[in-house]
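Heads up, the thing below is written out as C-alpha cells.
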Amino acid sequence: MTYLDTLDPKYRLILCDIWGVVHDGVNLYPGAEQRLCQWRREGRCIALITNAPRTADAVERQLELIGLPRNAYDFVATSGEAGIEALNALGRPVGFVGTGGDREILEGSGVRIADSEDFTDLACTGVSERRPQPQDYLLDLRQWAERDIHMHCLNPDRVVIRGGVPEACAVAIADVYQGLGGRVTWYGKPYEAIYRHALDRAGNPPKGEVLAVGDGLQTDVLGGAKMGFDTVFVTGGINEGRAFPDDFASQNGLGDWQPVAVVASLA
C-alpha cells in the first residue's frame with residue numbers, strides 16, 4: 001500500500017499536474033487514469049492544473065488524444081488562460097514566439113498577433129518547430145531587450161519530457177531574456193494567479209482540504225508550498241527517479257517545510 005492508496009478523506013480538492021505525472025506528452029503513465037478515477041469515486045474534486053500555454057479546451061482535446069477519458073477529472077486550469085486574459089486586456093497586437101499550433105490557439109482566443117516588429121509586448125509560449133533551442137533566439141532577444149519589449153511567459157516550465165526526450169519550454173527563453181535585462185511577466189505555477197483560478201472553480205475550499213501533486217520542484221512543489229497546500233512530490237517525469245532534495249526548503253525560504261509524501265508515480 002502506498003500513501004496514495006489510503007489518502008486522507010480531508011483532501012476534497014486535488015490539484016494534479018499533467019505532463020510528467022499523468023502523461024509524458026505521448027502516452028499515459030501506467031496507473032494514472034485509474035488513480036484519478038479512484039479519487040473521483042471517493043468524492044474528491046480533481047483539477048488538472050498545468051503550465052500549458054493553451055486554453056483548457058485545447059488541453060482537454062490533447063488529453064483525449066493521449067487516451068485520458070473526460071470522466072477522470074473535473075476540470076483543467078491552465079497558465080495559458082491567465083496569460084490570454086492579460087494579453088487581450090492590452091487591446092493591441094503583440095509579438096509571438098512559439099509553435100504554429102499555439103499561435104492558432106491564441107488567435108482563436110482573441111489575441112492579436114503582430115505581422116511586423118511594431119509591438120511593445122510579446123507572448124512567449126515556448127520554442128518553435130524551426131528553432132528548438134533557446135540559444136536560437138539570442139539575436140532577437142537582444143534586440144527586444146534594447147527596445148524594452150515586455151515579454152509575457154505563458155509557460156513557466158523550463159523543460160518537459162516528450163516521449164522520453166527533453167524539450168525546452170517558454171521559461172528557458174524567458175530566463176535568457178531576463179538575463180539580458182528584458183522585462184518578463186510570468187503566468188502559471190508557482191505563481192498565485194493560476195491557483196486562485198483553480199480554487200475559484202472548485203468552490204474555494206480551505207487550504208487544509210487541498211492536496212497538490214506534481215513532479216516539478218520549482219513549479220508544482222514550490223507553488224504548492226507557497227500556497228500553504230500539503231504537497232506530494234512525484235519522482236518520475238522530469239526527475240527520472242531522483243530523490244527529493246534535502247536542501248529544497250532552505251534554498252527556497254520555506255523553513256522546515258517538507259512534502260507530505262514522495263512517490264514514484266500515481267500508480
(Q) Using only the alpha-carbon atoms, how far is helix 170-179 inclined from the longest principal axis of the chain? Give it as 0 to 90 degrees, nearest 10. (A) 60
**Q.** Relative counts (whole %) of C-alpha pair distances in the chain, using bins that are 10 Å wide
**A.** 7, 31, 35, 20, 6, 0
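If you count only protein heavy atoms with a 1.4 Å probe, what accessible area per residue comes out for the stretch 24-173, rounded to a whole Å²? Let's see the in-between values first.
On the way: 6790 Å² over 150 residues.
Per-residue accessible area for the stretch 24-173 comes out at 45 Å².
Okay, helix-only estimate at 222 nm for the chain: each DSSP H run of n ≥ 4 adds -39500 (n - 2.57), divide by all residues, round to 500 deg cm²/dmol; what do you get?
Details: 9 runs with 81 residues, N = 267.
Value at 222 nm, helices only: -8500 deg cm²/dmol.
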Q. LYS207: accessible area at probe 1.4 Å, nearest 10 Å²?
A. 100
Q) Nearest 10 degrees, 0 to 90: what angle lies between the long axis of helix 79-90 and the longest principal axis of the chain (Cα atoms)? A) 40
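Let me check something: with ligands and nucleic acids excluded, how do THR235, THR6 order by accessible area (1.4 Å probe), largest to smallest?
Working: THR235 20, THR6 90 Å².
So the residues, ranked largest to smallest area, are THR6, THR235.
Please compute the contact order of the chain in relative form: average sequence separation of alpha-carbon pairs under 8 Å and at least six residues apart, divided by the residue count, as a percent.
Details: 530 pairs, mean separation 55.3, N = 267.
Over the chain, the number comes to 21 percent.
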Q.
Using only Cα atoms and rounding to the nearest 10 degrees, what angle (0 to 90) does helix 56-66 make with the longest principal axis of the chain?
A. 60
Q | Spread of Cα-to-Cα distances over 10 Å intervals beginning at zero, given as percent, for the stretch 46-127 | A | 18, 48, 24, 9, 1
Q) Going toward the positive end of the dipole of the chain, with +1 on Lys and Arg Cβ and -1 on Asp and Glu Cβ, which of GLN218, LEU180, LEU36 do you reach last? A) LEU36
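Counting only protein heavy atoms, what percent of the accessible surface of the chain is carbon or sulfur at a 1.4 Å probe? Could the numbers behind the result be given before it?
Numbers: 5740 of 11910 Å².
The value for the chain is 48 percent carbon and sulfur by accessible area.
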Q.
Principal axis extents for the stretch 37-86, Cα atoms only, whole Å, descending order, please.
A. 36, 22, 12
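The values are calculated or read from the model by the stated rules, or taken from the named source; none is laboratory data. Being a predicted model, the structure only gives us computed values, none of them experimental. Cβ atoms come from the backbone with ideal geometry, glycine included; neighbour counts cover every protein chain shown. We work out accessible area using only protein heavy atoms, side chains counted, and drop any ligands, DNA or RNA first. Shrake-Rupley method; radii C 1.70, N 1.55, O 1.52, S 1.80 Å.
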